[in-house]
Amino acid sequence: MKYVYVVAGLFCFAVGMAMTVQASLGLASWSVFHQALSTLTGITFGRVSIIVGGIIVFVSLFLGIRPTLTTLLNILVVGLMVDYARATFMPVPPALSMKILFLIAGNVMMGFGTAWYTSSGMGAGPRDGLMLALTRLTRMNVGTIRTIMELTVLVAGFLLGGPVGVGTVVGPFVLGWSVARSFEVFRRLERLPRLRWLLRVPVPRTGVRQGLLYKLRSLVRPTSGDVAESGK
């Protein structure tokens, strides 16, 4: 049952990725990086994605993240799901307004899909596993970590000659925000007695909070959790 839940989350992520591709406003950060490496090496885009995923898994091992079946599913299945979505029910929007909507909604869905399948506690994909490892290591909020990761590979891909566009620049910020907010949603669902057997959110509480925005809001209106912590 849990792997059905995981695959559903991966499908949500893949549909979001397909929407960002169909928007035609610029490749996502990792896609820019993969395309740049593909052009430089002559290796196909898909194989580059798998190779990069394998390298990230190797690096994550040293940060305490071990690959699982979910990791392999992410590497091998998401690409097929993206192709399926684009070929069957994901049209190319004709109007600029629809392209912008696809871009924003796609990144939001990617963030929600990330939190969805990783909240199973069954492991994460290579990039999401690295995100979780860095969140635990730095104690920074997960949205900030995801944004930093996306911007880092974007800059690397651009310097290597990868194609960029408006969507490439906007995407990391929308995706980072969506990941953080979505983990908040699943952390609340995790508290429900009927869902405790299914959900195991891997992000610590401090990793879910919204960084500077959350801290500024807390100064004005402290949450119950902050009040409890201050009374210790």
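What follows is calculated from the coordinates using simple rules that are stated; it is not laboratory data. Since the structure is predicted, the reported quantities are computational estimates derived from the model, not experimental observations. A quick note on method: Cβ atoms are made from the backbone with ideal geometry, for glycine too, and the neighbour counts reach across all protein chains shown.
Suppose we filter Arg136, Arg127 for residues that are touching a Pro at 6+ places or on another chain (Cβ under 8 Å), closer than 21 Å to Phe186 by Cα, surrounded by 14 or more Cβ atoms within 10 Å (Cβ to Cβ) and not aliphatic (A, V, I, L, M); which single one remains?
Going through Arg136, Arg127 in turn, just one is touching a Pro at 6+ places or on another chain (Cβ under 8 Å), closer than 21 Å to Phe186 by Cα, surrounded by 14 or more Cβ atoms within 10 Å (Cβ to Cβ) and not aliphatic (A, V, I, L, M): Arg136.
Can Ala105 be described as closer than 22 Å to Val170 by Cα and free of Cβ contacts under 8 Å to residues at least 40 places away in the same chain?
no
Wholly within the range 1-111, which helices (runs of 4 or more DSSP H) include no fewer than the required count, namely at least 1 residues that are surrounded by fewer than 19 Cβ atoms within 10 Å (Cβ to Cβ) and among the polar types (S, T, N, Q)?
29-41, 69-88
What about Met109, is it under 21 Å from Cys12 (Cβ atoms) and in contact with a Cys (Cβ under 7 Å, 6 or more places away or on another chain)?
Here the answer is yes, as Met109 does meet what is asked.
Do the conditions hold for Leu159, that is, is it among the aliphatic types (A, V, I, L, M), surrounded by fewer than 15 Cβ atoms within 10 Å (Cβ to Cβ) and within 27 Å of His34 (Cα to Cα)?
Considered against the rule, which asks whether it is among the aliphatic types (A, V, I, L, M), surrounded by fewer than 15 Cβ atoms within 10 Å (Cβ to Cβ) and within 27 Å of His34 (Cα to Cα), Leu159 comes out as yes.
Could you please find all residues in the range 134-178 being among the β-branched types (Val, Ile, Thr), in contact with a helix residue (DSSP H, G or I) (Cβ under 6 Å, 6 or more places away or on another chain), part of a helix (DSSP H, G or I) and more than 15 Å from Ala105 (Cα to Cα)?
Thr135, Val142, Thr144, Ile145, Thr147, Val153
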